[in-house]
Each structure stands twice: as structure tokens, then as C-alpha cells.
Amino acid sequence: MATGESGDGPYTYASAGVDIDRGNALVDRIRASVRSTARAGADAEIGGFGGLFDIKAAGFKDPVLVAANDGVGTKVKVAIDTGLHDTVGIDLVAMSVNDLVVQGAEPLFFLDYFASGKLEVEVAASVVEGIAEGCRQAGAALIGGETAEMPGLYADGDYDLAGFAVGAVERAEILPAKDIGVGDVLLGLASSGVHSNGYSLVRRLVSDHRFTFEDPAPYQPGRALGRALLEPTRIYVKPLLAAIRETKAVKALAHITGGGITENLPRVLPAGTAARIDLAAIPVLPVFRWLAGLGRIEEAEMLRTFNCGIGMVVVAPAAEADRVAAVLEGAGETVVRLGEIVAGDGSAHVVYDGALDLSW
């Protein structure tokens, strides 16, 4: 009978590369961070087989549940290569809760999945602490998760993330509204950077042009390129919920992720309408001007790959647009008027006027 390389001694799970004790140590390390996300409906205690949430305690009367899941994409590889793991957890939460709020939903709870070749407690704890920070920003309880150690499937040092969020909205307040029409105004909320889409192209450009993540960021003096590229995705939940509830005038929201404005905004528009956008109104962030110049990327490709400076689009009636913008600005958002809804030729789409400022 063949024996393992370690000899004839008894095999253990640890000898195969999976250390249960490391998993237990991680749970102990993150318990306080998880507990800090407690909210009405959940105590955010971990350790059970499943997480509990009391939707009645959250104050809903006729709720519809809304669920979303996502990852961080190859932005995780930037975190791995730089050894900076404290922000990708925020990204993980943002990508799901920003999708919930576009339905008008308040995020209630979040669960995460962390998979690695070999569990490094400090790395995983840093990631989960970022997840807890994202949950606090969104007002969601972190009620559970899963840590998987899978040697042979992931290389040592590599990991991947997935996140799952559940929210609720009163049945009568689900977005998008049915009355979106010609003349409604489009408001854009500024992004914080690349957010969590397009990093395969970003990493290709960095590699092909022989940059390292330790180099100074050309577009952000005084900051290393890796840290600058890891700027976390902005979480828009609390300002948007404030605008929805205080004004009763938000008709639709579009989270600008992969596919950019070009692909995401039509998802909330009714057939027979189009979104007419003034590209000169978009506050193009320096990182996008740098990337466009580095890769000689054409404007249309930028618009369907990156957010280009707008992370969320709000649709509001013309008569209420200023009031909606004022609430959002009061909550800390940078708001720009992008354009309006116009009559379309059948399928919903985006019409662009002017040009992006991609000068570098």
C-alpha cells in the first residue's frame, strides 16, 4: 500500500493542508468587528449554523425582500499583490448593497464567503474587518459567512471573495417607478474611483507599461499606485435612502458598474425612452484620464468599461430634481445634472452629447 510523503504516521486534515484551528482563531479574531454591525432585527453574533434576522423588528409593514450577490473581481489580485487587504471587504459589501438600494430597498443583512489555498488569519481578519466597515456604512448586519481553505484549488497567498446581501422595501415603494417619462431629470453621483469593475484592463495596462504597485500614482501624487487603485467603492445607501424617504420623488436609480452608463442606465428605463446625457457634465476623475491616455482607450470603450466618475444615476421629476439633489448633497454626495429622459425609438438606450474630458 502506498503511503504519503510524511511516512506511515496517521493522516490528519492539517497534513492535507486544512487547519481547523486557524479557522477557529479567525472566528475569535473577527467576533468584535462582526458584533459592531448589529442593527434592529439582528444581534450580529456569529457561530451558529445560520444567521437569524427578525424583519418585524426592523419596522417593515408590507415588505418585499430583495437579494443581491457579487464579488470584487480581479481587484482582489491588486490587494494580494500589494499586501493591502483592508479595503476589498468594503468593495464586497458595496457591490451588493448598491444593487439593493436601486430597488428602493434598505439593506438588512450581509453574508460573506472567503476562499483561500491556505488560511492566513491576519489576512482574512483584515478582509472581514473591511466587510464589517462596509456593513456599518450600509446599515446592514453581518450575520454570518463561510471561510473555506482549499489547497490545490487556490495557490498559497491567493484568495477570492463573494458577498450576499438581503434587503427589504415596502411593496408600494419598489423602484423603478412606473411613471418614468420624457422630461425627467438625470442626476449623477460622483464615484470614488474605479470602484470594482475593469480591473483586468487596469492590471494589464499597469503590467504592459512596466509600472509597479509601489510606484507613485501618476494621477495622485503622494500615494502609491497600488493603494490609490484600491480606493474602495463608494456606498451610496444611506444618502439614497434619505432622498427616497424625504422627497418621495426618486423614480429610479442605476448603479454604474461593469458596462458603465451605456449598459446599466437602460436597465431602469421603460421601452420607448432614451437617456440623453451631456458627457461634458461628467466629472471625469484623474484615474480615468490616466488610464485612457495610457491605453489610448477610445471614449466609447471607456463609457462601457468604467464608471468614468459617476457611480450612481438618479431619475427624478424636473420639478423635484433640485430638492432631491439638495438632500443628497446634504448627506455628503457630489451631485451633477447629467441630462434628461427623452423619447426613444423603441428599446431603451443612452444618447450621448458632447465629449468626456479625457485629457491627460
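Annotations
- First in the range 312-332 and on the phi > 0 side of the Ramachandran plot and in contact (Cβ under 8 Å) with a residue 12 or more places away in the chain, second anywhere and among the aromatic types (Phe, Trp, Tyr) and outside any helix (DSSP H, G or I), Cβ under 9 Å, 6 or more apart: none
- Every pair of residues 6+ apart whose Cβ atoms lie under 6 Å, when the first sits in the range 50-71 and is farther than 17 Å from residue 101 by Cα while the second is modelled with pLDDT under 95 and open to solvent by 50 Å² or more (accessible area, probe 1.4 Å): 57/40
- Screening residue 309 against (1) in contact with a strand residue (DSSP E or B) (Cβ under 9 Å, 6 or more places away or on another chain); (2) over 18 Å from residue 265 (Cα atoms) leaves a single unmet condition, (2).
- Of all residues in the range 265-286, those being closer than 30 Å to residue 225 by Cβ and surrounded by fewer than 22 Cβ atoms within 10 Å (Cβ to Cβ) number 6.
- Here residue 114 does not fit the description of being of a type in the set (Phe, Trp, Tyr), closer than 30 Å to residue 269 by Cβ and open to solvent by less than 30 Å² (accessible area, probe 1.4 Å).
- In the set 292, 326, 321, only one residue is open to solvent by less than 50 Å² (accessible area, probe 1.4 Å), assigned to a helix (DSSP H, G or I) and under 26 Å from residue 248 (Cα atoms); that residue is 321.
- Of all residues making up the range 117-132, the number that are in a helix (DSSP H, G or I), in contact (Cβ under 8 Å) with a residue 60 or more places away in the chain and open to solvent by 20 Å² or more (accessible area, probe 1.4 Å): 2
- Entry remark, the range 244-260: residues being surrounded by fewer than 23 Cβ atoms within 10 Å (Cβ to Cβ), closer than 13 Å to residue 179 by Cβ and touching a residue at least 40 places away in the same chain (Cβ under 8 Å) number 2 in total.
- Residue 114 vs. criteria in contact (Cβ under 8 Å) with a residue 12 or more places away in the chain, more than 28 Å from residue 157 (Cα to Cα) and not charged (D, E, K, R): no
- The one condition in (1) more than 15 Å from residue 89 (Cα to Cα); (2) at pLDDT below 95; (3) buried (at least 19 other Cβ atoms within 10 Å of the Cβ); (4) not charged (D, E, K, R) that residue 176 fails to fulfil: (2)
- One residue from 229, 240 being surrounded by 22 or more Cβ atoms within 10 Å (Cβ to Cβ), within 29 Å of residue 321 (Cα to Cα) and in contact with a helix residue (DSSP H, G or I) (Cβ under 7 Å, 6 or more places away or on another chain): 240
- Residue ID - nearest to residue 167 (Cα to Cα), chosen from residues in the range 114-143 that are in contact with a His (Cβ under 8 Å, 6 or more places away or on another chain) and not aliphatic (A, V, I, L, M): 130
- Residue within the range 158-167 that is small (Gly, Ala, Ser), surrounded by 22 or more Cβ atoms within 10 Å (Cβ to Cβ) and closer than 22 Å to residue 59 by Cβ present: yes
- For the range 72-101, a residue qualifies if it is in a loop (DSSP other than H, G, I, E, B), touching a helix residue (DSSP H, G or I) at 6+ places or on another chain (Cβ under 7 Å) and either open to solvent by 20 Å² or more (accessible area, probe 1.4 Å) or aliphatic (A, V, I, L, M) (or both), and the qualifying residues are 72, 73, 74, 84, 85, 86.
The values are calculated or read from the model by the stated rules, or taken from the named source; none is laboratory data. Treat the numbers as computed from the prediction; the structure is a model and nothing was measured. Glycine gets a Cβ as well: all are built from the backbone with ideal geometry, and neighbour counts include every protein chain shown. Only protein heavy atoms, including side chains, enter the accessible area calculation; ligands, DNA and RNA are left aside. Shrake-Rupley method; radii C 1.70, N 1.55, O 1.52, S 1.80 Å.
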